1. Can you tell me which residue in region B:1-28 is most open to solvent (accessible area, probe 1.4 Å), limited to those that are hydrophobic (A, V, I, L, M, F, W, C) and part of a loop (DSSP other than H, G, I, E, B)?
2. Kindly provide the set of residues from region A:70-110 that are among the aliphatic types (A, V, I, L, M), in a loop (DSSP other than H, G, I, E, B) and within 14 Å of chain B (Cβ to nearest Cβ), ordered by number.
3. Which residues, taken from region A:84-112, are among the polar types (S, T, N, Q) and open to solvent by 10 Å² or more (accessible area, probe 1.4 Å)?
4. Assess whether B:Tyr85 counts as being closer than 30 Å to A:Gln6 by Cα and among the hydroxyl-bearing types (Ser, Thr, Tyr).
5. Is it true that A:Ser66 is surrounded by 16 or more Cβ atoms within 10 Å (Cβ to Cβ) and among the hydroxyl-bearing types (Ser, Thr, Tyr)?
6. Inside region B:17-62, can you point out the residues that are among the basic types (Lys, Arg) and within 14 Å of chain A (Cβ to nearest Cβ)?
7. Identify all residues within region B:50-62 that are aliphatic (A, V, I, L, M) and touching a Lys or Arg at 6+ places or on another chain (Cβ under 8 Å); write none if there are none.
8. When region B:29-50 is examined, which residues are found to be open to solvent by less than 40 Å² (accessible area, probe 1.4 Å) and under 10 Å from B:Val89 (Cβ atoms)?
Amino acid sequence: DAGVIQSPRHEVTEMGQEVTLRCKPISGHNSLFWYRQTMMRGLELLIYFNNNVPIDDSGMPEDRFSAKMPNASFSTLKIQPSEPRDSAVYFCASSSGRLYEQYFGPGTRLTVT
Amino acid sequence: KNEVEQSPQNLTAQEGEFITINCSYSVGISALHWLQQHPGGGIVSLFMLSSGKKKHGRLIATINIQEKHSSLHITASHPRDSAVYICAVPPANTGNQFYFGTGTSLTVIP
């Protein structure tokens, strides 16, 4: 298996633009997590899906952020409109469940100017 | 208030030294994760444990649920162990969030 795949690896965009981050989890995993990492706040869980259903989105910072998982092999995290404070590394991880070992993707480094 | 506290924040060791990183948490948990983040940014899950001890090669993780404390040990440390080690806990009774420690930055000098 190729592991968790994220795209793009780097994204630079201007404030106000829409940004879409993509994630393909490991085949057979039924849990998917989106994380954000910044120097100031460290790692934060944004949203958690189980069997394609969002279970907990309490970590999503505001309404500008939305996430979808239309099927078991694909998820998106969208920011609209983007702001400079959204600049961070966004990780996607998948696992066999919330309490199982997680496998992380390589991350998407987002820079909003 | 931090639900998860790690110590030390930074650690420099000579190659071959025995290393201990500590994690204390204040919430009830079902399990605890130790993560390793390489200098290039990639994150690898090292351990997920809910009791006792686990060992992978030179890495050992222990947890004491009653004392709400976990330790990560590295025996015979090597420069390739240089990374940030992060402790993460999914709370048992407060939804599905994860709490993360701020990480311990380890540098092993040859």
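The values are calculated or read from the model by the stated rules, or taken from the named source; none is laboratory data. Source: prediction; values computed, not measured. Ideal geometry is used to build each Cβ from the backbone, glycine not excepted, and the neighbour counts take in all protein chains shown. For accessibility, only protein heavy atoms count, side chains too; no ligands or nucleic acids. Shrake-Rupley method; radii C 1.70, N 1.55, O 1.52, S 1.80 Å.
1. Step by step, filter region B:1-28, then rank; the result is B:Phe18.
2. Selection gives A:Leu99 alone.
3. A:Ser87, A:Ser96, A:Thr111 - these are the residues of region A:84-112 that are among the polar types (S, T, N, Q) and open to solvent by 10 Å² or more (accessible area, probe 1.4 Å).
4. yes
5. no
6. Result: B:Lys54, single match.
7. Matches in region B:50-62: B:Ile60, B:Ala61.
8. B:Ile29, B:Ala31, B:Leu32, B:His33
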